[in-house]
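The values are calculated or read from the model by the stated rules, or taken from the named source; none is laboratory data. Keep in mind that what you see is a predicted model, and the values were worked out from it rather than measured. FYI the Cβ positions are ideal-geometry reconstructions off the backbone, even for glycines, and counts take in every protein chain you see. For accessibility, only protein heavy atoms count, side chains too; no ligands or nucleic acids. Shrake-Rupley method; radii C 1.70, N 1.55, O 1.52, S 1.80 Å.
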Amino acid sequence: EDSLTQTQNTITAPMGFELKQNYPNPFNPSTTISFSLPTANQVNLNIYNALGRLVATVVDEHLSAGTHEFLWQAANMSSGLYFYTLTSGSFSQTKRMILLK
């Protein structure tokens, strides 16, 4: 009888984990990284340089299910290839991005 309630009930959490490609890419000096979580969980989003060294931790917290966006400010980093890795529970995925100055 209440269409608003029905509409709210159709909003569901994502079906699975998804790490999206950062944008813009290549970027300077900042880029947005977004990802989806099917359930609330502890999340780590780390940035690594081309040598595999950890250069930044963007997220290290418990997040709710849904889609999240974070901005990485890389003004103090050198140009080059970087990798970002999303880890949550048993899920882990890595993508590449390029910083051009």
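Structural remarks
- Of all residues making up the stretch 35-44, the number that are in a strand (DSSP E or B) and open to solvent by 10 Å² or more (accessible area, probe 1.4 Å): 3
- Condition check for Glu61: open to solvent by 70 Å² or more (accessible area, probe 1.4 Å), closer than 16 Å to Pro14 by Cβ and either charged (D, E, K, R) or over 14 Å from the mean Cα position of the chain (by Cα) (or both): no
Results for (1) closer than 15 Å to Leu99 by Cα; (2) modelled with pLDDT of 95 or more; (3) exposed (fewer than 13 other Cβ atoms within 10 Å of the Cβ), shown as yes or no for each residue.
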{"site": "Thr10", "(1), (2), (3)": "no, no, yes"}
{"site": "Asn22", "(1), (2), (3)": "yes, yes, no"}
{"site": "Thr31", "(1), (2), (3)": "yes, yes, no"}
{"site": "Ala74", "(1), (2), (3)": "yes, yes, no"}
{"site": "Ser88", "(1), (2), (3)": "no, yes, no"}
